[in-house]
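Asker: Please read through the structure below; I'll follow up with questions.
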Amino acid sequence: MKTAQTTRRIIETLSRQHPHADTELHYRNAFELLVATILSAQSTDERVNLVTPALFKRYPDAHALARAARAELEPLILSTGFFRQKSKSLVGMAQQLVADHRGAVPADMDALTKLPGVGRKTANVVLGHALGVPGLPVDRHVLRVSNRIGIASSDDPVKVEDELCAALPKDMWTLASDVQILHGRRVCRPKPECDRCSVRKDCDYYKSLNDTRAVRKARR
């Protein structure tokens, strides 16, 4: 595990490689981002962004979505995959927002994760991007990048979130997630393009590759 100082420097370096890093989901308010993030499970941001304009036109707020008939909602979200479960989650989420929060999205982790279809990752996305509350969403890209570099040491998203949050000031939490997600999509893919990585000198994975190459070369 890197020190907190090194972790912060790595995130700052990645932010320069990926300037203006932000969620790639399109939204105008916390409700729209919550819906979009639920839809993004097992889908792509690009696909969700194609679906949400018509969806939000028909269901512009929690009150409208809470009254949605699933037979009308499902065709609108069909292409995002798992549309039956997602429609159930969306309607249930909206109904609970209306019942417990007067239709507003609460700026609280515990309250958000009590909503149908909302886990810590989704809650952190909404908190950090739409509600001004520090949050560090951990998805598969953050898991891969943070463990490869050596700023985290677990395959458990909650543990990785705890490790990164402990090493970084709160005002860097959302940034740390955003830059690692973009880095994971563009550079540190399952088959990484290490020659394009701005933090490879600090990366444990890159060091292990070089060490392996050196051993092989010495054996020749």
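Asker: Test Val187 against the stated conditions and say whether it is within 11 Å of the chain's Cα centre (by Cα), closer than 25 Å to Ser40 by Cα, crowded, with 18+ Cβ neighbours inside 10 Å and among the aliphatic types (A, V, I, L, M).
Answerer: Spelling it out, it is not the case that Val187 is within 11 Å of the chain's Cα centre (by Cα), closer than 25 Å to Ser40 by Cα, crowded, with 18+ Cβ neighbours inside 10 Å and among the aliphatic types (A, V, I, L, M).
Asker: Can you find a residue in segment 15-34 that is closer than 26 Å to Pro169 by Cβ, part of a helix (DSSP H, G or I) and out of contact with any Leu (no Cβ under 9 Å at 6 or more places or on another chain)?
Answerer: yes
Asker: Ok, one more. Among (1) surrounded by 19 or more Cβ atoms within 10 Å (Cβ to Cβ); (2) within 25 Å of Ser146 (Cβ to Cβ); (3) not assigned by TED's automatic domain parsing to the domain that holds Lys201, where does Gly119 come up short?
Answerer: It is condition (1) that Gly119 fails.
Asker: Assess whether Val145 counts as being part of a loop (DSSP other than H, G, I, E, B) and either out of contact with any strand residue (DSSP E or B) (no Cβ under 7 Å at 6 or more places or on another chain) or not assigned by TED's automatic domain parsing to the domain that holds Arg9 (or both).
Answerer: So Val145 fails the test.
Asker: So which residues in segment 36-88 are assigned to a loop (DSSP other than H, G, I, E, B) and of a type in the set (Phe, Trp, Tyr), if there are any at all?
Answerer: Correct list: Tyr59, Phe82.
Asker: Here's a follow-up. Pick from segment 90-100 the residues that are in contact (Cβ under 8 Å) with a residue 24 or more places away in the chain and surrounded by fewer than 20 Cβ atoms within 10 Å (Cβ to Cβ): which of them is nearest to Gly119 (Cα to Cα)?
Answerer: Top of the filtered list is Gly92.
Let's see how each residue does on (1) under 16 Å from the mean Cα position of the chain (by Cα); (2) in contact (Cβ under 8 Å) with a residue 40 or more places away in the chain; (3) not assigned by TED's automatic domain parsing to the domain that holds Ala36:
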| position | (1), (2), (3) |
| --- | --- |
| Ile149 | no, yes, yes |
| Asp162 | yes, no, yes |
| Cys165 | yes, no, yes |
| Pro169 | no, yes, yes |
| Ser177 | yes, yes, yes |
| Ser208 | no, no, yes |
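Asker: Evaluate the following for Ser153: is it in contact with a Lys or Arg (Cβ under 9 Å, 6 or more places away or on another chain), assigned to a loop (DSSP other than H, G, I, E, B), within 21 Å of His20 (Cβ to Cβ) and among the polar types (S, T, N, Q)?
Answerer: Taking the combined requirement at face value, the residue does not satisfy it.
Asker: Could you run through segment 156-215 and say how many residues are among the basic types (Lys, Arg) and either part of a loop (DSSP other than H, G, I, E, B) or touching a Pro at 6+ places or on another chain (Cβ under 7 Å) (or both)?
Answerer: 3
The values are calculated or read from the model by the stated rules, or taken from the named source; none is laboratory data. Predicted model only: the values in this text are computed from it and were never measured. Counting neighbours? That spans all protein chains shown, and the Cβs are built from the backbone with ideal geometry, glycine included.
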